[in-house]
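Q: Sharing a structure with you now.
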Amino acid sequence: MTDNQPSTDQPLDSAERSNLARAAQARVAAWSNGAQALALLAAVHERGWLTFLNRPRTTSELAVFTGMEDTRLAAAFDALEAAGVVRRTDELLELRPEFAELIADDGLYALDDILARASAMIRIVGDSAHASEPARPTEEESLAIARGFVWRPGPGGREIYRGMLDALPEFASALDSGRVLDVGCGVAGAMLTAASMFPGMTGVGLEVEPAVAAEAQRRAATFGARLRIIATDAREFDETDAFDVCFWAQPFFPAETRADTLRMIRRALKPGGILIEQEMEVEPQDEDARLGFALRRLVFSGWNVPFARTAESLKAEATDEGFEHIRIATANLGRVVVSRRPESRGTVR
């Protein structure tokens, strides 16, 4: 239909328009409720409620702790209960077990990190609609995103890592007796988890964001791991024939850096050394998960980072840069591409 052709659509009557408006209003209200619940969670966590409720308490004990009057305290607890954060059990008030894990010292994730990452991503998504410049994270936001993205070394992290290693025996073997290169290591959550399982492991982590690299080095020193973290553009790393295995955090590398990064990895690996890449994002079939996927794609597109690369595309990308394909493995964290630097030294660009 051209601009001057009449529309065949019938105009909506007032009832239909009202129904459409109410449906849109309900959807926005649902998003608003989620944002408000997040704000409430952050506020009560900052004030120590979650730690206090990590064991059962009476209403009067919570009133004394918070200093709030009864009506407002009851309303606040009801809101937290509706959000699934707390519960009533035998006339006592307590934190739900899943949220207790988020404030445990050895829990898989830290609630502080999750909240900081959520705050950073809300700001970045809002700025992603600007036409001029992509929404770049500040140094503080980069650190928050890195800390909130990965699990912490501990029992839960080792359980996850063990499941991945079961599907990747060549990776496990290299961690046990070889030297490891982690390209895009973030705050070194994965490296430190591996180090806790393989005490003899040595390795190098490369991280382009200085604040993130400093946090990774601090964690490694605290942990006592034999890891060296270098704040650098991975393309500039110049060790050659030095590593038995490399894990490349490929989902975070912009398009213009990828080929040169793979060439650096090929040089850094020993002949026969293994490259591991994870297929991080898969377009969800679940309607509830599609919004998060779409929002992450919006942000990554602003950074010119290829989003949701398939295992097959990762395989092709690596073979284009001289790697030999071994296999695509299915692990607990999804599909993983296993490649190898050829045994023959040949010409490494």
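Q: Scan region 1-52 for residues that are part of a loop (DSSP other than H, G, I, E, B) and either in contact with a Cys (Cβ under 6 Å, 6 or more places away or on another chain) or modelled with pLDDT under 95 (or both) and report the count.
A: 13
Q: What residue, among those in region 95-125 that are of a type in the set (Gly, Ala, Ser) and assigned to a loop (DSSP other than H, G, I, E, B), is farthest from the chain's Cα centre (by Cα)? Break it down stepwise before answering.
A: Our first condition is that a residue be of a type in the set (Gly, Ala, Ser); within region 95-125, this holds for 100, 104, 107, 110, 116, 118-120.
Still in the list and also assigned to a loop (DSSP other than H, G, I, E, B): 104, 107, 110.
Working: Ala104: 19, Gly107: 16, Ala110: 13 Å.
Per the criteria, the residue is Ala104.
Q: Right, next: Of all residues in region 249-267, count the ones that are of a type outside the set (S, T, N, Q), part of a helix (DSSP H, G or I) and over 18 Å from Thr319 (Cβ atoms).
A: Going through region 249-267 one residue at a time, the tally reaches 3.
Q: Scanning region 82-110 for residues that are among the acidic types (Asp, Glu) and more than 30 Å from Ile160 (Cβ to Cβ), which turns out surrounded by the fewest Cβ atoms within 10 Å (Cβ to Cβ)?
A: Looking at residues that are among the acidic types (Asp, Glu) and more than 30 Å from Ile160 (Cβ to Cβ), I get Asp90.
Q: Assess whether Arg136 counts as being closer than 26 Å to Phe253 by Cβ, open to solvent by 50 Å² or more (accessible area, probe 1.4 Å), of a type in the set (Lys, Arg) and modelled with pLDDT of 95 or more.
A: No; evaluated as a whole, the condition is false for this residue.
Q: Would you check which residues across region 47-80 are in contact with a Leu (Cβ under 9 Å, 6 or more places away or on another chain) and within 26 Å of Ser119 (Cα to Cα) and list them?
A: Passing the criteria: Trp49, Leu50, Thr51, Phe52, Leu53, Asn54, Thr66, Leu73, Ala76, Phe77, Ala79, Leu80.
Q: Now for a different question. Please go through region 194-219 and pick out each residue that is touching a Leu at 6+ places or on another chain (Cβ under 8 Å) and under 14 Å from Pro137 (Cβ atoms).
A: Glu209, Ala211, Val212
Q: Right, Glu343: open to solvent by less than 20 Å² (accessible area, probe 1.4 Å), acidic (Asp, Glu) and touching a residue at least 40 places away in the same chain (Cβ under 8 Å) or not?
A: Considered against the rule, which asks whether it is open to solvent by less than 20 Å² (accessible area, probe 1.4 Å), acidic (Asp, Glu) and touching a residue at least 40 places away in the same chain (Cβ under 8 Å), Glu343 comes out as no.
The values are calculated or read from the model by the stated rules, or taken from the named source; none is laboratory data. Everything numeric in this text was worked out from a predicted model, so none of it was measured. A quick note on method: Cβ atoms are made from the backbone with ideal geometry, for glycine too, and the neighbour counts reach across all protein chains shown. Note: areas computed on protein heavy atoms with side chains; ligands, DNA, RNA excluded. Shrake-Rupley method; radii C 1.70, N 1.55, O 1.52, S 1.80 Å.
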